[in-house]
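Shown next, in structure tokens, is the structure this report addresses.
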Amino acid sequence: MRMVNMTIKEIAEILGVSTATVSRVLNKSGGYSDKTEKRVLSVLEKYNYQTNVMAKGLRTKSTKSVAVILPDMANEYFAKIALAIENYLMPKGYSINIYNTSADINKEQVILRDLQSRGVDGIIYISGDQGLPNESLKHNIPVVCVNQLEDLGQEVTVIESDNNHGGYLATDLLLKNGCQNILLLRDERHIIPVDERQKGYEKALKENHKPVKDDLIRRISFDVTEAQRSIEEVIKEGIMFDAVFASSDLLAIGALKALQKKELKVPNDVQVIGFDNVTFSMYSNPSLSTIHQDTQELGTQAAKYLFDWMEKSILPSHSRTVIPVGLVKRETTK
């Protein structure tokens, strides 16, 4: 008869071994013969469904589970990438466990230690800490990263948007629309995606023989209220600008609020463009021009690389894969 919720003690009694022996087999800690391991795994399969999954994992060295680690589960951008990962891997028999770090490095480290102890076939990091992907590789856990914040070297596979070209497209549009003084409103953190967007902004200015002005580059915390406050300060200081390129749609919305509060007309007085193309950008008033990031492709490519690594031991032939971005023109630009 099949039994449910068997304890280690009951398993040990059936086998005629100590509970310590059963525990060592479960934890792969050694100190037992191959014959004993096979006997324990056989009984685990026979008497308990949940332990049956564990036993198969021990025998095949596969848990059929993937961890997706992201900084903000409530953020639509990250959620869409996670959904694309799930849609690719679940039909292939993998369960997806999503971990929210709240952009807290200490929490990331706790999650990694937990995954190492429980076992996971692979990890996808979305915009995570620099050191953890390399730490995962040291424990022989396949890792793929999406839009990583810092340089990870050649050992880690990274799927990323073409942030540099996105910054260029946004700025080039504003210049073609006749803007002379384009303010860059960016996240204050020195992270690769935002730094690359600034490089694209500067490249477009230089190609059009426009100077890069320090007073038109505003570094603020990633917060819509801070974005509004920053634009209000620029206006108060009397700094002339006729366009705003924000490094995210969230910051662009803050800029819009400030301009409306100061009764500046968008796009007639000031044009605005964001970055990400999240859903609310379509429904702002006026609707927000932006740079589209292909979250579907970012997630799918990350999942595909990880799947090939886990199932076929095929490592990506290159460390970086760049996903194209696109310009979305709406009502905040001419």
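General remarks:
- Scanning segment 240-250 for residues that are in contact (Cβ under 8 Å) with a residue 40 or more places away in the chain and either among the hydrophobic types (A, V, I, L, M, F, W, C) or not assigned by TED's automatic domain parsing to the domain that holds ILE273 (or both) yields a total of 6.
- The set of residues from segment 279-332 being within 24 Å of TYR168 (Cβ to Cβ), of a type in the set (Val, Ile, Thr), surrounded by 15 or more Cβ atoms within 10 Å (Cβ to Cβ) and out of contact with any Lys or Arg (no Cβ under 9 Å at 6 or more places or on another chain) comprises THR321, ILE323, VAL325, VAL328, THR332.
- Within segment 33-57, if we keep just the residues that are modelled with pLDDT under 80 and in contact with a helix residue (DSSP H, G or I) (Cβ under 6 Å, 6 or more places away or on another chain), the residue that is farthest from SER117 (Cα to Cα) turns out to be GLU45.
- The single condition among (1) closer than 19 Å to LEU185 by Cβ; (2) in a helix (DSSP H, G or I) that SER287 does not meet is (2).
- Candidate set: segment 192-212, residues that are exposed (fewer than 15 other Cβ atoms within 10 Å of the Cβ) and outside any helix (DSSP H, G or I); chosen: the one nearest to the chain's Cα centre (by Cα): VAL212
- Qualifying residue in segment 264-285 (condition: in contact with a Gly (Cβ under 7 Å, 6 or more places away or on another chain) and not assigned by TED's automatic domain parsing to the domain that holds TYR77): yes
- Segment 102-124, residues that are β-branched (Val, Ile, Thr) and farther than 19 Å from ALA302 by Cα: ILE105, VAL110, ILE111
The values are calculated or read from the model by the stated rules, or taken from the named source; none is laboratory data. Model, not experiment: these values are computed from the prediction. Backbone-built Cβ (ideal geometry, glycine too); neighbour counts: all protein chains shown.
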